[in-house]
1. Of all residues being surrounded by fewer than 15 Cβ atoms within 10 Å (Cβ to Cβ) and within 30 Å of residue 71 (Cα to Cα) in the range 83-135, which is farthest from the chain's Cα centre (by Cα)? Just the residue, please.
2. Can you list the strands (runs of 3 or more DSSP E) found entirely within the range 126-190 that contain at least 1 residues being touching a residue at least 24 places away in the same chain (Cβ under 8 Å) and within 26 Å of residue 93 (Cα to Cα)?
3. Spot the failing condition for residue 158; the list is (1) within 41 Å of the chain's Cα centre (by Cα); (2) closer than 11 Å to residue 77 by Cβ, and only one is missed.
4. If you go through the range 142-171 one residue at a time, how many are exposed (fewer than 12 other Cβ atoms within 10 Å of the Cβ) and farther than 18 Å from residue 63 by Cα?
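Every number in this text was worked out from the coordinates using simple rules, so none of it is lab data. Just so it is clear, the model here is predicted, and its values are computed rather than measured. Ideal geometry is used to build each Cβ from the backbone, glycine not excepted, and the neighbour counts take in all protein chains shown.
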């Protein structure tokens, strides 16, 4: 046989155990770098202020006021109703983020037999974009703003029973404390 030809037997015998382990470890590290660990469940969500395509806070507020006005005017004794709703903030969009995480452990042994482990962790996060990567961020969900307070003016607002019914209804709908709900008598129209 030609002396320059490749032989697996000679390759393994020349390599030795320590070199084989180092070669195997280098291969594993390269594989981990090529295919980062992580699953879609580990993807993190990030919130950002409202942007195009989202419902504006003013529109949301008007819609809430209209629906609440319609509901409260059907309460017995309330009569004509006017409603003002204030919101805590604007809406937020929750964006999808891809997270890649890399971990490595280096074990060092000194001449006296002491062992030291060095841990290195790096994490990278990128927002997922719709389309070819130059588009809008991928929105997972939109969080509408919470109701901060409600003022109701109605014809029957001077009666305690009507005030209690309206306060209970608003509290049930928006889960806000009673001190953030004000029910008062509407001024008489000339």
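1. Ranking the qualifying residues of the range 83-135, first place goes to 84.
2. 139-143, 147-154
3. All conditions are met except number (1).
4. Count: 2.
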